[in-house]
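Working notes for the structure below.
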Amino acid sequence: MELFFLFLLVVLMAIALGSGFPVAFALPGSAIITIGIAGLTGLLFEANPSAYFHSSGPYEWLSAGVTNLRGVYWEPERDTLIAIPLFIFMGLMLQRSKVAEDLLLAMAQLFGPVPGGLGISVVFVGALLAATTGIVGATVVAMGLISLPSMLRNNYSPSLATGTIAASGTLGQIIPPSIVLIILADQLASASDQASSLRKSLHKEVTGEMSMPSFLDVTSTSAGEMFLGALVPGLVLVAVYMLYILTVALIFPKVAPAVGFEGRMDTKFWVRIAVTLIPPLALIFLVLGSILSGIATVNQAGAIGAAGAVFMGSFRLSTGKRSAVYPSLLAVLSLILIFYCLENYEMNFRAADTPEDYTGLWLGAIGSATLMGAFGWSLVILLRVENVLQSVMLETAKTTSLVFIILLGAAVLTSAFRAFGGEVLVRDYLNSLPGGFWTKFIIVMAVIFILGFFLDFIEIAVVVVPIVAPILLADPSANITAVWLGVMIGLNIQTSFLTPPFGFALFYLRGVAPAVVKTIQMYKGVIPFIMLQVLALVIVGSFPPLVNYLPQRTTLLSDSAPPPKNPKLQYCLEKHTWDQLSAPDSRVSASIATADSLNLSVLTEKYQAQASNAFGSARQAIQELESALQQELLVAKAAQTYKPQLVQVRQIEREIKSRNSRLKEIDTQLKRLNQDRSTSQIAELKLEKLGLDTEITALEARLPKDWQATYETFSGLVQTEAKSRTMYRRQADSSYSEIYDIVLTIESYEDLLKVEGNLLGLDTVIKSKDPQNAAAEIKAVMAEFNSIAGASKIKSHLSKTRKALRKKNVDAGKVAKLYQKAIDEYRGQLLWLSQSQGAVLSGLKTYLDDISGTIGARQLGAMPRETALFIAKCSAAHRDISLNF
């Protein structure tokens, strides 16, 4: 019966959407009705409202939907809630203020003389508008009204012209900042958590270990990472579009003829082009640049973009007036003043303590007030000129409400889908497919592509992604990143705007296209661009670094980069280390030998032994790393025969698990059924149970008889490699940290000299016959030794002296003896430290510098740039980790 109600849910939703019922009410409405019918049916026929649910009952699943709905509503810090209205406002403002129109006209004049130049200019402007507006409807309508008549007038093929405009208008869905990417990031963040739980459960099930190593876990994503990941694929798609138009124009000149510029390309022309291009490009730089550089979050970048659009819009709508430039000029001057203050003054009010600091604060306040005044001035202009501000605000509110109501409705629908076991059904189906991850992925992509013919991108993102994303992310055989999956789905969803019969870009363009352009011509025109989008999908899918590299690079080079000891970085870090050690110009081995030959007799016995141990650890670390890499090759070789068998066994085990799960459900149903009223149904269930037992026995017989031995042999190889890597890390850490401690101690010589007067002055205080005062003075001197490396023994003797002074009966002789030990320790340490300042200190520091980029890298606070770039490149590719499962 669960399948029946799942089918009913899908049918009700399809009928509601197909009849034109608002999506915002069709999604939750079909869910609530289906849950209600299932609960009522169970109550009538089984005397149990929970009888036909996968688990729990109608009340719990409705509550879950409401909880999801409330969670979306009450979390204002989520990127979805804040960034979406800001980017919508930015896009609408630029479109209503005719900035898009100026761009199209300028680019048409610039690219016109090139074969297919008008089409290329449309793609170029589409990319610029995508990076500033991201509103498909606004972009398509604007380009349709401005470019389409010009392209038709210059004998462009109607199919190519309309296809180019429709496809270029959809670039805002993949080129950041994009609403689609924000929604996908929000959905994938939750999906990553579910995938992590699934993978941990799988690891525990197959290995028996209670915890899974963190480097095997699923990594989540954010809107900022989605923007970074989508940037290169978006540019790839733009390049593919341009190359296609240019190729068509060269092969068939009559389809897309060159259009000469009638005026002169003189200084005035280039000034006009610059004035048209620079403001939007500056806005793109501010919005995306602030995200890429880590200066601003996605929410903050959205606020920057919205404010920039206000200034650009007021300037454009005031063109021709003497005061047009005043608000923008005032804003620029204010920003210069603010940046000057930030650079030259202490701008923290609580930390300000000098007249100069307060001067900076006053100047900063003046700059901020002036900037707000300029912003208000621009808003007044936008309100007065054609009431643009009001219309943009109203449209922003409508569009934002549409997005969030659909999000809320989808939360309820997803709850209902899970209530009837839909998620389990989809997971079992995908996992049962032969071919592993890529079969599942291709089927999911095909389903999303087909849904794009009928549904909008929001419905696909919020309904399909939460169901399939956890399954794909949890699969260890591909070990894909959430950002890559999000970008791939984003590229796929983009086709939903072009695919007939419900492609929204086609509807928008049909509304503004002249009657001479037939609808069938528009359909023909978008088909090549749909194929180009599929080509871009294949390119990005085949080369994951196109998506993963930029987010990885930005993260690893940022101030908040994970430390070199992060478990997820170790594989690539060790690969980089070995590449460096194997290089012909490697100085590590020579540096170890040179350091080991240093005359360290001036050091204490403890530090001599510590140094000797460190140099031995360095040599051992290199040997262990080489051993680990050799073991990795053995594992890879053995995996060629082991992995096919592993895939076969895990598939059989999944089928057995599925049948066992059904057996548990049957046992539960048998307990619920009334023996008198349900005799026939009980018989059917018992017969099904018998058949399942037979199937399980047959499946268990298919398991290879030598599987356990094969598994243990291979596991032994993996464990040997893991032990070598663990031993390498221990030895590498020791080789650096122990010498680093010695260097810190030697470099503390000057600091130790500074406290000499206070330390020797304690003699007078101790002899003053005031034990309490003497104990307090000793405590103060001990505090000075806290920040001095290697002074622990001196501090220990002082502590014992202080304790002796705090006793009721002070033994003056014992106090003097303990104090003298502290003095002797101090003088002895000063002596050997002074003798170590020359060749010893220089030699040890050279050793640390030489190994810091290789075996000592794990001990650094932050990775060197070269190392970070290598790891970014290495980790951008997906690595199969299924052998650990």
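The values are calculated or read from the model by the stated rules, or taken from the named source; none is laboratory data. Just so it is clear, the model here is predicted, and its values are computed rather than measured. A quick note on method: Cβ atoms are made from the backbone with ideal geometry, for glycine too, and the neighbour counts reach across all protein chains shown. Accessible surface areas use protein heavy atoms only, side chains included; no ligands, DNA or RNA. Shrake-Rupley method; radii C 1.70, N 1.55, O 1.52, S 1.80 Å.
Here are the numbers:
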{"item": "Breaking point among (1) open to solvent by 40 Å² or more (accessible area, probe 1.4 Å); (2) without any contact (Cβ under 8 Å) to a residue 40 or more places away in the chain; (3) among the hydroxyl-bearing types (Ser, Thr, Tyr); (4) not in a loop (DSSP other than H, G, I, E, B), for Thr319", "result": "(4)"}
{"item": "Positions within region 479-506 being more than 13 Å from Leu184 (Cα to Cα) and at pLDDT 85 or above, in sequence order", "result": "Asn479, Ile480, Thr481"}
{"item": "Subset of region 637-657 (residues that are open to solvent by 50 Å² or more (accessible area, probe 1.4 Å) and of a type in the set (Ser, Thr, Tyr))", "result": "Thr641"}
{"item": "Residue that is most open to solvent (accessible area, probe 1.4 Å) [pool: residues in region 841-868 that are touching a helix residue (DSSP H, G or I) at 6+ places or on another chain (Cβ under 8 Å) and part of a loop (DSSP other than H, G, I, E, B)]", "result": "Pro864"}
{"item": "Selection from region 207-219 of residues that are open to solvent by less than 60 Å² (accessible area, probe 1.4 Å) and in contact (Cβ under 8 Å) with a residue 12 or more places away in the chain", "result": "Thr207, Met212, Pro213, Leu216, Asp217, Val218"}
{"item": "Filter result for the condition that a residue is within 28 Å of Thr162 (Cα to Cα), among the aromatic types (Phe, Trp, Tyr), open to solvent by 40 Å² or more (accessible area, probe 1.4 Å) and over 31 Å from the mean Cα position of the chain (by Cα), over Tyr326, Tyr244", "result": "Tyr244"}
{"item": "Condition broken by Gly360, with the remaining ones in (1) closer than 30 Å to Val180 by Cβ; (2) open to solvent by less than 40 Å² (accessible area, probe 1.4 Å) satisfied", "result": "(1)"}
{"item": "Among the candidates Lys200, Lys204, residue that is assigned to a helix (DSSP H, G or I), more than 30 Å from Gly289 (Cα to Cα) and without any contact (Cβ under 8 Å) to a residue 12 or more places away in the chain", "result": "Lys204"}
{"item": "Candidates Thr594, Thr604, Thr555, filtered to the one that is open to solvent by 60 Å² or more (accessible area, probe 1.4 Å) and β-branched (Val, Ile, Thr)", "result": "Thr594"}
{"item": "For Glu386: the one exception among (1) surrounded by fewer than 16 Cβ atoms within 10 Å (Cβ to Cβ); (2) part of a helix (DSSP H, G or I); (3) not aliphatic (A, V, I, L, M)", "result": "(2)"}
{"item": "Residue in region 740-769 that is least open to solvent (accessible area, probe 1.4 Å), counting only those that are in contact (Cβ under 8 Å) with a residue 60 or more places away in the chain, in a helix (DSSP H, G or I) and among the hydroxyl-bearing types (Ser, Thr, Tyr)", "result": "Thr745"}
{"item": "Which listed residue, of Lys800, Lys793, Lys808, is farther than 17 Å from Asp741 by Cα and in a helix (DSSP H, G or I)", "result": "Lys800"}
{"item": "Yes/no for Ala822 being part of a helix (DSSP H, G or I) and either open to solvent by less than 50 Å² (accessible area, probe 1.4 Å) or at positive phi (or both)", "result": "yes"}
{"item": "Unique residue being modelled with pLDDT of 80 or more and within 30 Å of Met372 (Cβ to Cβ) when the list is Ala256, Ala296, Ala249, Ala307", "result": "Ala307"}
{"item": "Subset of region 607-634 that is open to solvent by 40 Å² or more (accessible area, probe 1.4 Å) and either of a type in the set (Asp, Glu) or not in a helix (DSSP H, G or I) (or both) - its residue that is nearest to Phe714 (Cα to Cα)", "result": "Glu632"}
{"item": "Selected residue (criterion: surrounded by the most Cβ atoms within 10 Å (Cβ to Cβ)) from residues of region 717-736 that are under 31 Å from the mean Cα position of the chain (by Cα) and aliphatic (A, V, I, L, M)", "result": "Ala732"}
{"item": "Test: residue in region 536-557 that is in contact with a His (Cβ under 7 Å, 6 or more places away or on another chain) and at pLDDT 85 or above", "result": "yes"}
{"item": "Inter-residue pairs, beta-carbon under 8 Å, first touching a residue at least 60 places away in the same chain (Cβ under 8 Å) and over 22 Å from Ala230 (Cβ atoms) and in region 521-533, second crowded, with 17+ Cβ neighbours inside 10 Å and of a type in the set (A, V, I, L, M), 6+ apart", "result": "Met522/Ala166; Met522/Leu506; Met522/Leu509; Met522/Ala513; Gly525/Leu160; Gly525/Ala161; Gly525/Ala166"}
{"item": "Subset tally (residues that are among the acidic types (Asp, Glu), under 34 Å from the mean Cα position of the chain (by Cα) and open to solvent by 100 Å² or more (accessible area, probe 1.4 Å)) for region 329-357", "result": "1"}
{"item": "Flag for Leu546 being in a helix (DSSP H, G or I) and more than 29 Å from Val218 (Cα to Cα)", "result": "no"}
{"item": "Candidates Arg806, Arg802, filtered to the one that is modelled with pLDDT of 80 or more, touching a helix residue (DSSP H, G or I) at 6+ places or on another chain (Cβ under 8 Å), open to solvent by less than 80 Å² (accessible area, probe 1.4 Å) and not hydrophobic (A, V, I, L, M, F, W, C)", "result": "Arg802"}
{"item": "Test: Leu831 is of a type outside the set (D, E, K, R) and open to solvent by 80 Å² or more (accessible area, probe 1.4 Å)", "result": "yes"}
{"item": "Out of Ile175, Ile165, sole residue that is aliphatic (A, V, I, L, M), at pLDDT 75 or above, out of contact with any Asp or Glu (no Cβ under 7 Å at 6 or more places or on another chain) and assigned to a helix (DSSP H, G or I)", "result": "Ile165"}
{"item": "Selection from region 373-431 of residues that are farther than 30 Å from Gln651 by Cβ and charged (D, E, K, R)", "result": "Arg384, Glu386, Glu395, Lys398"}
{"item": "Scan of region 419-447 for residues that are buried (at least 22 other Cβ atoms within 10 Å of the Cβ) and not small (Gly, Ala, Ser), ordered by number", "result": "Phe420, Lys440, Val444"}
{"item": "Whichever residue in region 770-794 is under 17 Å from Leu818 (Cβ atoms) and among the charged types (D, E, K, R) and, among such residues, is least open to solvent (accessible area, probe 1.4 Å)", "result": "Glu777"}
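This table checks each residue for (1) open to solvent by less than 80 Å² (accessible area, probe 1.4 Å); (2) not small (Gly, Ala, Ser).
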| residue | (1), (2) |
| --- | --- |
| Ser661 | yes, no |
| Lys664 | no, yes |
| Leu690 | no, yes |
| Ser715 | yes, no |
| Glu738 | yes, yes |
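Conditions tested, residue by residue: (1) more than 27 Å from Val140 (Cα to Cα); (2) touching a His at 6+ places or on another chain (Cβ under 7 Å); (3) among the hydrophobic types (A, V, I, L, M, F, W, C).
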position	(1), (2), (3)
Ile443	yes, no, yes
Phe457	no, no, yes
Ile460	no, no, yes
Ala469	yes, no, yes
Ala474	yes, no, yes
Ala478	yes, yes, yes
Gly486	no, no, no
Gly490	no, no, no
Leu498	no, no, yes
